[in-house]
Amino acid sequence: MKRLISYMGPGIMVLFVILGGGWHFLQTRAGALGAGELWLCDLYLVLAALAAGLLLFLTFSLFIKKLKTELCAGITVLVLGILYMTALPPVSAPDEISHFVSAYAVSNRILGEMPVDAEGNVRMRKEDEYLQNIYGASGDEARESLGRVLTEETWKQIAEHISPVFVPAEQRIMVSSVQKPVNTTPAAYLAPALGITLGRLLHVNCVIVAFLARLFNLLFFAAMVCFSIRVLPFGKQILWGVSLLPMTLHLAASCSYDTFLMGTCFLFGSYALYLAYAKPMVQKRDIAVLVVLAAAFGPCKMVYAVVLGMALLIPVKKFGDWKNWALSAGTVLLAFALAMIAVNSGTIATYASGSDTYVAWAGEEGFSIPLLLHNPVLCFRMLYESLANLGDEWTLQMFGSVLGNLDPVLSVPFVVLLFMAGCLTALGIRKAGEALYLGGKQKAWIVFLAAVCLIGLMTAMLVAWTPMSSPVIEGVQGRYLLPVLPFVFMTLKSDRLVRVAGSDETLIFYMCALDCYTVFRLFSIVSMRL
C-alpha cells in the first residue's frame, strides 16, 4: 500500500501530460488544417511517442530497476533535448544564427579551408546561406534567418527545403555569409562544427546540416552532464535537475556556445568538489583536468572565471603541502590567463581604455570602465536599480519563461516554472540520514562566487550594451546564470531542514514529465501561429 501511494504522484503527473498533450494535439491539428499541412500532426505524434518512451524508461530506471544516476541523466537530457530541438526548429535559439555561422568557420578549419573572407565574413556553401537569408534579400534589404520568429510558415519552409536530401554540386560552391563569427575561443564551437562537417561531407541540405550541428552540441552537453554527475560526491540530482530546466534544454539543443559554457562549468565545479570531498589526494592528472577545463571555458566569457574559485574548496593538505598547492593553483591560473590573452586581448584592451563606448543598437553613447571607476555611486545605482526592477524577470528567464529569440509567445506557463523551481528546491534540501559535506564557510564561498558572477555579468552588459539614457542595465538575461546554478542549490543542504517526503527519483520524474508537456505546448503554439 505504501508503495502504491508513492506512485500516485507520478501517476497523476502522467495523466496531466496525457490530457495536456491531447489538448495541444487538437490545437496542432486545427493549425495544420488551416494551413493545409497535416504532416505536422504526424510529427506531433512522433514526438508524443518519443515522450511516452522516455517516461516508460524513467519509470523502469527510477522506480523498478535503478540505473546509474549519470547514465540515466545523460539519456534523459539527450531525449528531451531532441524533443526541444524539434519543437523549436533551427535556428530559433537566442542569437543562434550567429553561433551557427561561427561553428561553420570552425568547420572550415577542420576541412582545411579558408574560414573567412577578406572582410571577415564566414565562407559557407551556397546551400547553407539559406539559413541566414530565407527570402534571398540582397544589398541593403532586410535579411531574416530561418526560425527567427517561429510560426507555421517556418515549418512550411523546412518541409519545402528538406527535400532533396542531397544537394547538387552548384549548391556546394563556397560563398561569403552576411554574418561575421563571434569573437571567442574556437573550442566553444567544436561540437556543432563536427556536426556541420559531417553534413558537408555527406552533401546533405542545410536543414539537415543545422539539425546535425544541434545534435552534436546536445551530445556534448549530455556527455558533460553524465561525467559531472559521475564525479560529484553529493548533489547529483541537483545538477540533473538544473539540466532539465526548459531554458537549459533549449540552449543545449541549439548551436549556442552557452551549451559549451554550461557543460564545462558543470564539470569543473563538479571535479573540484570531487577533489575536495571524495579523493584522498590530488594528483597531477587531476590538475591537468582542471587546467584543460579552465583554458577551455575561460576565454568564452571572461566573467565565468569565478568558477575557478570552486577549486579553492580543495584543502591544502590534499596537495601535500603549501608549495604543491601554490604550484597547482598557479598552473591553473596561468592556463586560464594564457588562453584569455590569446583569445580576448583586443577586447580587454578596448574595455580598459574606454575608447569605444558607443552603443550601436541604441545609437548613443554608453558607459565606460574609466567612467564607472571614477563614479562608483553611479555604478552602484545602476546595479541596484537593475536588481530591484529586473531581478524577477531574470529569475523566470533562467528557468525558461521566454524561449526562442526571446519570443514572449514561446513561453513556459508560470505554474510549470513554479513547480519545476519547487522540485529543484526540494532536491536541494537534505534528506533524512543524508551526509552533509559543505560547511558554513564553504557555502558562503559558493554563494559569494555566484554573487560575483552576477555582478560581473551586470557590469559587463552595463559597459557593452547599455546606453547612458537607460535607468537600468540592458541585455542581461537569466540564462547567463545557469553555469553556476547547480552549486548554489547545493548550499541549501543543512541539518536544520530535512525533507521527509518526496524521493529524488519522484522529483526528477516530475520535471521530465513537465518537460514533455512543455514540448507539446510549444509545438502547438508554433503550428497555430499562422
Of the residues in region 142-172 that are β-branched (Val, Ile, Thr) and in a helix (DSSP H, G or I), the one that is surrounded by the most Cβ atoms within 10 Å (Cβ to Cβ) is 154
How many residues, within region 227-257, are farther than 19 Å from residue 424 by Cβ and surrounded by 23 or more Cβ atoms within 10 Å (Cβ to Cβ)? 5
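Within the group 418, 383, 387, which residue is open to solvent by 20 Å² or more (accessible area, probe 1.4 Å), out of contact with any Ser or Thr (no Cβ under 9 Å at 6 or more places or on another chain) and closer than 30 Å to residue 468 by Cβ?
Step by step, each of 418, 383, 387 is checked, and only 387 is open to solvent by 20 Å² or more (accessible area, probe 1.4 Å), out of contact with any Ser or Thr (no Cβ under 9 Å at 6 or more places or on another chain) and closer than 30 Å to residue 468 by Cβ.
Each row is one residue, and each column tells you yes or no for (1) touching an Asp or Glu at 6+ places or on another chain (Cβ under 8 Å); (2) closer than 21 Å to residue 17 by Cα; (3) among the hydrophobic types (A, V, I, L, M, F, W, C).
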{"position": "383", "(1), (2), (3)": "no, no, yes"}
{"position": "388", "(1), (2), (3)": "no, no, yes"}
{"position": "392", "(1), (2), (3)": "no, no, no"}
{"position": "403", "(1), (2), (3)": "no, yes, yes"}
{"position": "409", "(1), (2), (3)": "no, yes, yes"}
{"position": "415", "(1), (2), (3)": "no, yes, yes"}
{"position": "430", "(1), (2), (3)": "yes, no, no"}
Which condition does residue 322 not pass, out of (1) buried (at least 17 other Cβ atoms within 10 Å of the Cβ); (2) without any contact (Cβ under 8 Å) to a residue 12 or more places away in the chain, if it passes all the others? (1)
For residues that are buried (at least 24 other Cβ atoms within 10 Å of the Cβ) and over 20 Å from residue 158 (Cβ atoms), tally how many sit in region 75-87. 3
When residues of region 88-118 are limited to those that are of a type in the set (Gly, Ala, Ser) and either closer than 22 Å to residue 173 by Cα or modelled with pLDDT of 95 or more (or both), the one most open to solvent (accessible area, probe 1.4 Å): 118
Sort through 409, 377, 447 and tell me the only one that's under 24 Å from the mean Cα position of the chain (by Cα), over 30 Å from residue 84 (Cα atoms) and surrounded by fewer than 16 Cβ atoms within 10 Å (Cβ to Cβ). 447
Search region 114-135 for residues that are without any contact (Cβ under 8 Å) to a residue 24 or more places away in the chain and pair each with any residue that is acidic (Asp, Glu) when their beta-carbon atoms are under 9 Å apart and the residues are at least 6 apart or on different chains. 134/144; 135/141; 135/144
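The values are calculated or read from the model by the stated rules, or taken from the named source; none is laboratory data. Remember, it's a predicted structure, so these values are computed and weren't measured experimentally. Glycine also receives a Cβ, built like all others from the backbone with ideal geometry; neighbour counts cover every protein chain displayed. In case anyone asks, the SASA skips ligands and DNA or RNA and just uses the protein heavy atoms, side chains included. Shrake-Rupley method; radii C 1.70, N 1.55, O 1.52, S 1.80 Å.
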